1. Which pairs do you get when a residue that is farther than 14 Å from residue 158 by Cα, found in the stretch 107-123, comes within reach of a residue that is of a type in the set (Phe, Trp, Tyr) and surrounded by 17 or more Cβ atoms within 10 Å (Cβ to Cβ), reach meaning Cβ atoms under 7 angstrom, with the pair 6+ apart or on two chains?
2. Inspect the stretch 142-165 for any residue being more than 25 Å from residue 46 (Cα to Cα), under 23 Å from the mean Cα position of the chain (by Cα), in a loop (DSSP other than H, G, I, E, B) and modelled with pLDDT under 80 and give the result as yes or no.
3. On the basis of being without any contact (Cβ under 8 Å) to a residue 60 or more places away in the chain, surrounded by fewer than 14 Cβ atoms within 10 Å (Cβ to Cβ), more than 22 Å from residue 111 (Cβ to Cβ) and more than 13 Å from the chain's Cα centre (by Cα), does residue 30 make the cut?
4. Which residue is surrounded by the fewest Cβ atoms within 10 Å (Cβ to Cβ), if the candidates are limited to the stretch 1-23 and must be among the charged types (D, E, K, R) and farther than 19 Å from residue 111 by Cβ?
5. Would you check if residue 102 is part of a helix (DSSP H, G or I), surrounded by 17 or more Cβ atoms within 10 Å (Cβ to Cβ) and either modelled with pLDDT of 85 or more or not aromatic (Phe, Trp, Tyr) (or both)?
6. Checking the condition charged (D, E, K, R), within 28 Å of residue 153 (Cα to Cα) and modelled with pLDDT under 90, which residue from 23, 40, 58 passes?
7. Yes or no: residue 43 touching a Leu at 6+ places or on another chain (Cβ under 8 Å), under 22 Å from residue 149 (Cα atoms) and in contact (Cβ under 8 Å) with a residue 60 or more places away in the chain?
Amino acid sequence: MRSGELAGLKLTDLDGETLTVNRSVWHCKEQSPKTDNALRSVAVSPQLVTLLWEQIARQRAKETEYLFSVSTGQPLDMDVFRQRKLKVLLKSLGIPQAGFHAFRHFNVAVLDALRVPLKTIQERIGHAVTGSFTLDVYGGKPEWERNLEAARAVGAELEKAVTETEKKMQDETRAGLNDGLTPIRTKGLEDCVSQAL
């Protein structure tokens, strides 16, 4: 998703394994998404559904309508969030600095590596065209089952990677190695990400 689409998500946009993109927020102002194709429903993995419901519970306690907001209930300013939270989180994880768009590229790369059909990737990220005349003209209508399969495959791969990383960090901690990831070792990777939100 685009950063403005994330900022524009409301608590009501999650229904089961479906996240619906209806709006975008840029500099705290609600607006239409970038393109008509950006108005879409995206399947989410069971792992992400769990994390999103935890976030919804936190937001309901704050009595805000947005999935991600500042303490006043207003939507996040994604530029401010990137500077104040994301940069710190990436540094603590030992990940090179990047903006939100890099995560969009990462998502597409993972989907491609999992051999998700290009047409499904296009639909999930809200692009109007694939760049292939044949696919764009003859590719057919969106197939929800493929969207759902893609979400589940990505969720499983990311869960596997997180589990392997946590195990590696625990092993390094036992061995007395210090690689600058101490905050993650003491809190756990999921806690660090939740705290950034």
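The values are calculated or read from the model by the stated rules, or taken from the named source; none is laboratory data. All values reported here derive from a predicted model rather than from experimental measurement. Cβ placement follows ideal geometry from the backbone for every residue including glycine, while neighbour counts extend to all protein chains displayed.
1. none
2. Within the stretch 142-165, the first condition is being more than 25 Å from residue 46 (Cα to Cα), and the residues that meet it are none.
No, the stretch 142-165 contains no residue that is more than 25 Å from residue 46 (Cα to Cα), under 23 Å from the mean Cα position of the chain (by Cα), in a loop (DSSP other than H, G, I, E, B) and modelled with pLDDT under 80.
3. On the way: without any contact (Cβ under 8 Å) to a residue 60 or more places away in the chain: yes; surrounded by fewer than 14 Cβ atoms within 10 Å (Cβ to Cβ): no; more than 22 Å from residue 111 (Cβ to Cβ): yes; more than 13 Å from the chain's Cα centre (by Cα): yes.
So residue 30 does not fit the description; no.
4. Taking the stretch 1-23 first, the residues among the charged types (D, E, K, R) are 2, 5, 10, 13, 15, 17, 23.
Checking which are farther than 19 Å from residue 111 by Cβ leaves us with 10, 13, 15, 23.
On the way: 10: 19, 13: 20, 15: 9, 23: 19.
Taking the candidates together, the pick is 15.
5. No; evaluated as a whole, the condition is false for this residue.
6. Values: 23 fails: modelled with pLDDT under 90; 58 fails: modelled with pLDDT under 90.
Unique residue meeting the criteria: 40.
7. Details: touching a Leu at 6+ places or on another chain (Cβ under 8 Å): yes; under 22 Å from residue 149 (Cα atoms): yes; in contact (Cβ under 8 Å) with a residue 60 or more places away in the chain: yes.
Criteria met by residue 43.
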